[in-house]
Amino acid sequence: MQGADAAAVADALDSGDPLPGTGGFAGDVDGTLVRDVLGRYPLFVERDIAEEGRLGHDQWGHDPAALEDPRSFPAGHVRDGDGTRRRFTLPSPDPFPDRETAVEAVQAAVETSVDAVDTDGLAIAFSGGVDSALLAARLDAPLYVAGFPDSHDVEAARSAADLLGTDVRVVDLTHDAIERAVPEVARATGRVNAMDVQIALPLYLAAERVAADGFDRLALGQGADELFGGYAKVAKAPEDPRVDADTVRGAQREVVATLPDQLERDVLALRAAGVEPVTPLLHDRVVAAALRLDGDLLVDGETRKVALRAAARESLPDEIADRDKKAAQYGSLAARELDRLARQAGYKRRMDNHVTKYIEALIE
């Protein structure tokens, strides 16, 4: 069992509680295969398994490379002698009664979860935004940022580190590093589409440096954008065609449902680089608090992640708490430079999926 201990998972299976106070789990409990509701730990089964019956130890695993033809085991599901079925579903709680109660609950959940992180062998992925800065401000661990020299993330990380009175170690991305890492990321994650590889690249290259420096765990602010309203498509709901929901709160739940797929990619990439991810902002207590936020505590006008920013002011200078950030693939310039490499190799933008075709060529 990865994540929570087997006894806690067994209790969750008995009660059906989707948020039983853990940071996620995946594996076998007394012959029952289970993966938590947010899919915080990867889990795979052989694609051609029968619909019924318990699985043998050679038919499932946490590493897809260990299986002949792996497919992802769905988050929130169990598999036992009766087959595969959903066991956990995210709750739909009523919102907090008022803003003050909401912000206090978010602050307590975030600070408790971050402060509980063991810093032995730990480094922090640091972009200078509110999510990673919360980790940096409350944990005694070195900070790392990956990006091209003129990238937004490197500049933002350096300025935020100055405000926090600390230093950040910069992992300079280069074209040679990207060309080398692309096949490694694609093989580790089992994905060749441009978006997935672009997102995983700066994580992977930062993690390689972290591992080379002697650390085996990397703390990340993953989940904050999904849980607290960090996406433009959530802020613009229901007008944004990228979401189906007709409210901001509904759009929040929609993007939270994408976490299992995203986390699987990121965890596999980080493990391939030699580190284990640590994600305190995805602890059940943080998830439970975020799901109780009303729409105006997720997005208020042009401000996103309203409640999280308010809760962060106890730990961070206002300049950091109020910062917007770019997605890692854009803030690091990994997406731009991978596109440049694809075009230099003859894969022009007029071609459909030209970057994906370039990635496939690098693997071959």
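Data for the structure
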quantity: Unmet criterion (only one of (1) touching a residue at least 40 places away in the same chain (Cβ under 8 Å); (2) open to solvent by 50 Å² or more (accessible area, probe 1.4 Å)) for Leu122; calculated: (2)
quantity: Check on Tyr231, of a type in the set (Phe, Trp, Tyr) and modelled with pLDDT of 95 or more; calculated: no
quantity: Region 253-275, subset closer than 21 Å to Pro20 by Cα and in a loop (DSSP other than H, G, I, E, B), residue most open to solvent (accessible area, probe 1.4 Å); calculated: Ala257
quantity: Unmet criterion (only one of (1) without any contact (Cβ under 8 Å) to a residue 12 or more places away in the chain; (2) within 21 Å of the chain's Cα centre (by Cα)) for Asp176; calculated: (2)
quantity: Arg99 surrounded by 15 or more Cβ atoms within 10 Å (Cβ to Cβ) and more than 15 Å from Leu19 (Cβ to Cβ); calculated: yes
quantity: Residue, nearest to Gln329 (Cα to Cα), within region 137-158, restricted to residues that are open to solvent by 40 Å² or more (accessible area, probe 1.4 Å) and outside any loop (DSSP other than H, G, I, E, B); calculated: His152
quantity: Within region 41-72, considering residues that are over 30 Å from Arg285 (Cα atoms) and among the acidic types (Asp, Glu), the one surrounded by the most Cβ atoms within 10 Å (Cβ to Cβ); calculated: Glu46
quantity: Count of region 231-252 residues which are within 24 Å of Gly76 (Cα to Cα), open to solvent by 50 Å² or more (accessible area, probe 1.4 Å) and touching a Gly at 6+ places or on another chain (Cβ under 7 Å); calculated: 1
quantity: Members of region 209-231 found to be farther than 15 Å from Leu308 by Cα and in contact with a strand residue (DSSP E or B) (Cβ under 8 Å, 6 or more places away or on another chain), listed by number; calculated: Arg209, Val210, Asp213, Phe215, Asp216, Arg217, Leu218, Ala219, Leu220
quantity: Selection count where residues are in contact (Cβ under 8 Å) with a residue 40 or more places away in the chain and in a helix (DSSP H, G or I), scope region 159-173; calculated: 3
quantity: Evaluation of Ala75 against (1) over 23 Å from Ala269 (Cβ atoms); (2) of a type outside the set (Ser, Thr, Tyr); (3) open to solvent by less than 70 Å² (accessible area, probe 1.4 Å); (4) not in a helix (DSSP H, G or I) (one fails), failing number; calculated: (1)
quantity: Complete set of residues in region 195-225 that are within 30 Å of Val248 (Cα to Cα) and charged (D, E, K, R); calculated: Asp196, Asp225
quantity: Tally of residues being within 14 Å of Ala328 (Cα to Cα) and either assigned to a helix (DSSP H, G or I) or open to solvent by 50 Å² or more (accessible area, probe 1.4 Å) (or both) across region 208-230; calculated: 2
quantity: Region 13-40 - residue that is in a helix (DSSP H, G or I) and over 14 Å from Ala75 (Cα atoms) and, of those, most open to solvent (accessible area, probe 1.4 Å); calculated: Asp14
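Okay, residues lined up against (1) farther than 29 Å from Ala235 by Cβ; (2) free of Cβ contacts under 8 Å to residues at least 60 places away in the same chain; (3) surrounded by fewer than 19 Cβ atoms within 10 Å (Cβ to Cβ); (4) under 22 Å from the mean Cα position of the chain (by Cα):
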position: Arg309; (1), (2), (3), (4): no, no, no, yes
position: Arg313; (1), (2), (3), (4): no, yes, yes, no
position: Lys325; (1), (2), (3), (4): no, no, no, yes
position: Leu338; (1), (2), (3), (4): no, no, no, yes
position: Arg349; (1), (2), (3), (4): no, yes, yes, no
position: Asp352; (1), (2), (3), (4): yes, yes, yes, no
position: Tyr358; (1), (2), (3), (4): yes, yes, no, no
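Here's the yes/no breakdown for (1) closer than 28 Å to Ala157 by Cβ; (2) not β-branched (Val, Ile, Thr):
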site: Leu341; (1), (2): yes, yes
site: Arg349; (1), (2): no, yes
site: Thr356; (1), (2): no, no
site: Ile359; (1), (2): yes, no
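The values are calculated or read from the model by the stated rules, or taken from the named source; none is laboratory data. Keep in mind that what you see is a predicted model, and the values were worked out from it rather than measured. Note that we place each Cβ from the backbone using ideal geometry, even for glycine, and neighbour counts take in every protein chain shown. What goes into the accessible areas is simple: the full protein's heavy atoms, side chains included, and nothing from ligands, DNA or RNA. Shrake-Rupley method; radii C 1.70, N 1.55, O 1.52, S 1.80 Å.
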